[in-house]
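Scroll down for the structure; my scribbles are underneath it.
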Amino acid sequence: MRKNCLALLIAVSLTACQPAAESAANAPAANEAAASASGTTAAAPASISIPTQLGAVTLTTVARGMPNPWALAFLPDGDMLVTERSGALRRVAADGSVSEPIKGVPAVVAEGQGGLLDVVVSPGFASDGLVYLTYAEPGEGKLAGTAAARGRLEGDTLVDVEVIFRQVPKTDSRHHFGSRLVFHGEHLYITMGDRGDRPTAQDLGSHMGTVARIFPDGRVPEDNPFVGQEGAQPETWSYGHRNQQGAALNPWTQVLWTHEHGPKGGDEVNIPQAGRNYGWPIITYGINYSGFPIPEAEGESKEGLEQPHYYWEVSPGVSGMAFYAHERFPAWQRSLFVGSLAQRALIRLSLDEVGNVVGEERLLEAQGWRIRDVRVGPDGAVWALTDETDGRLLRLELKG
Ligand SMILES: [Ca+2]
């Protein structure tokens, strides 16, 4: 008894030394095997049961110890690829073991919000072995810009790496690099941010604040909306976006959905259509972090500018996006999962049959983790990454 009290006392005093969110994050993990900070790790997966609106969910920490993981992708052999913002691309096995960094990954500017960002595997990966990445690419001096590259994964190395897209111009900002990659038929979408320079989101001569649409080898589709327009970038599909860190193809309509960070308030879900202007910074539901209005803002709506499909008055700080269309958990059908960095939760939006948002639920609030990415795996589970120094790969499975 006395020993138990002493152990409890030590546990409480240790907890008290940590920030509130960290201690909340650590609480359910007390019985987990410790994981090393990097390199090859095989922590025994630890599961807990958490209550949700649709019943209990089994939450498993499959891997941890990855610093600030940014994106994950599933390989046909059951492994996953995970990017870390600092520049490492790792292979994570189903048992949670984490590989050394894969060689051949392009150099990145890992400063501010920059670094190694999204990863997706080619729809034809089984035969072409191609892996696609976005990242903050270094330029001359202090310049950096979002770029996309692809390479063939051979063992623990990316070979024949080629840059397929470069956001122009590069700037010395370390903000709002975006970005996500989404395959759609023969095309590839790339979502970006305004690089913290608001007016550029309205400048068709830059890729700032755009969704780009290219072929996977970097060629520009002739039917892109601004092809042939003088002074416009031909890759641009839509513009007037602020910072897009989430995108996915709606599996029921086969149309691209994206989300973007608002300023203080006004995070949005958009359904970007060819050539349309999504308004930033002319229209917004947010204000500056200073508490003052956005200088360029004229209000919440304006003729010729698109309204968001959905928006949050208080910003969750959205990152990662995944539709749920897998047959394994019917109760999750018609859900759209979105990670929240600022409000430290996994958001589940309920969609009706035409895609309107008819409900919103917050999962993982008790854990208090910043959620950077969310995907639905081939197993029908929902997978997520936490944006922490001791980043976790999570698996969520609905019971019953
Ligand atoms: Ca907008």
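The values are calculated or read from the model by the stated rules, or taken from the named source; none is laboratory data. A quick note: this is a predicted structure, and the numbers were derived from the prediction, not measured. Here Cβ is always computed from backbone atoms with ideal geometry, including for glycine, and neighbour counts include all displayed protein chains.
Residue pairs, Cβ under 6 Å, 6 or more apart or interchain, first in region 221-241 and away from the ligand (no atom under 16 Å from the Cβ), second basic (Lys, Arg). List them. Sorted first by the residue in region 221-241, then by its partner, the pairs are 224/213.
Exactly one residue out of 128, 118 is in contact with a Phe, Trp or Tyr (Cβ under 8 Å, 6 or more places away or on another chain) and touching a residue at least 12 places away in the same chain (Cβ under 8 Å): that is 118. Selection over region 159-194 of residues that are charged (D, E, K, R), without any contact (Cβ under 8 Å) to a residue 60 or more places away in the chain and more than 17 Å from residue 124 (Cβ to Cβ) gives a count of 3. Every listed requirement among (1) exposed (fewer than 14 other Cβ atoms within 10 Å of the Cβ); (2) in contact with a Lys or Arg (Cβ under 7 Å, 6 or more places away or on another chain); (3) within 27 Å of residue 358 (Cβ to Cβ) is met by residue 339 save one, (1).
The single condition from (1) under 30 Å from residue 325 (Cβ atoms); (2) in a strand (DSSP E or B) that residue 209 fails is (2). Of all residues in region 164-202, those that are touching a Leu at 6+ places or on another chain (Cβ under 6 Å), surrounded by fewer than 23 Cβ atoms within 10 Å (Cβ to Cβ) and of a type in the set (Gly, Ala, Ser) total 0. Pick from region 265-274 the residues that are surrounded by fewer than 22 Cβ atoms within 10 Å (Cβ to Cβ) and within 15 Å of the ligand (Cβ to nearest atom): which of them is nearest to residue 193 (Cα to Cα)? Checked region 265-274; the qualifying residue nearest to residue 193 (Cα to Cα) is 269. Taken together, the residues in region 202-247 that are of a type in the set (A, V, I, L, M) and out of contact with any Ser or Thr (no Cβ under 8 Å at 6 or more places or on another chain) amount to 4. Can you work out which of the residues in region 140-163 that are among the basic types (Lys, Arg) and surrounded by fewer than 21 Cβ atoms within 10 Å (Cβ to Cβ) is nearest to residue 128 (Cα to Cα)? Residue satisfying both the conditions and the ranking: 152. Residues in region 61-95 that are in a strand (DSSP E or B) and over 17 Å from residue 375 (Cβ atoms): 64, 65.
Where in region 339-400 are there strands (runs of 3 or more DSSP E), lying fully within it, with 1 or more residues that are farther than 29 Å from residue 67 by Cβ and β-branched (Val, Ile, Thr)?
Numbers: elements: 345-351, 357-363, 371-376, 382-386, 391-398.
Counting at least 1 such residues, we get 357-363.
Number of residues in region 147-164 that are in a strand (DSSP E or B) and over 23 Å from the mean Cα position of the chain (by Cα) equals 4.
Conditions tested, residue by residue: (1) over 27 Å from residue 52 (Cβ atoms); (2) more than 16 Å from the ligand (Cβ to nearest atom); (3) at pLDDT below 95.
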{"residue": "247", "(1), (2), (3)": "no, no, no"}
{"residue": "277", "(1), (2), (3)": "yes, no, no"}
{"residue": "289", "(1), (2), (3)": "yes, yes, yes"}
{"residue": "307", "(1), (2), (3)": "yes, no, no"}
{"residue": "310", "(1), (2), (3)": "no, no, no"}
{"residue": "324", "(1), (2), (3)": "no, yes, no"}
{"residue": "332", "(1), (2), (3)": "no, yes, no"}
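Scanning region 291-305 for residues that are within 13 Å of the ligand (Cβ to nearest atom) and free of Cβ contacts under 8 Å to residues at least 24 places away in the same chain gives 297, 298, 299, 300, 301, 302.
Taking first residues from region 136-151 that are in contact (Cβ under 8 Å) with a residue 24 or more places away in the chain and of a type in the set (Ser, Thr, Tyr) and partners that are in a loop (DSSP other than H, G, I, E, B) and buried (at least 24 other Cβ atoms within 10 Å of the Cβ), the Cβ contacts under 6 Å between residues at least 6 apart in sequence or on separate chains come to 146/167; 146/177; 146/178; 146/179; 146/192.
Give me a count of the residues in region 166-194 that are touching a Gly at 6+ places or on another chain (Cβ under 6 Å) and outside any loop (DSSP other than H, G, I, E, B). The qualifying residues number 2. For region 322-381, a residue qualifies if it is more than 14 Å from the chain's Cα centre (by Cα), of a type in the set (Lys, Arg) and on the phi < 0 side of the Ramachandran plot, and the qualifying residues are 328, 348, 362. Taking residue 219, is it over 23 Å from residue 372 (Cα atoms), surrounded by 16 or more Cβ atoms within 10 Å (Cβ to Cβ) and among the charged types (D, E, K, R)? Judged against the criteria, residue 219 is not a match. Does residue 207 fit the bill of being farther than 23 Å from residue 183 by Cβ and either among the acidic types (Asp, Glu) or surrounded by 22 or more Cβ atoms within 10 Å (Cβ to Cβ) (or both)? Against the criterion (farther than 23 Å from residue 183 by Cβ and either among the acidic types (Asp, Glu) or surrounded by 22 or more Cβ atoms within 10 Å (Cβ to Cβ) (or both)), residue 207 does not qualify.
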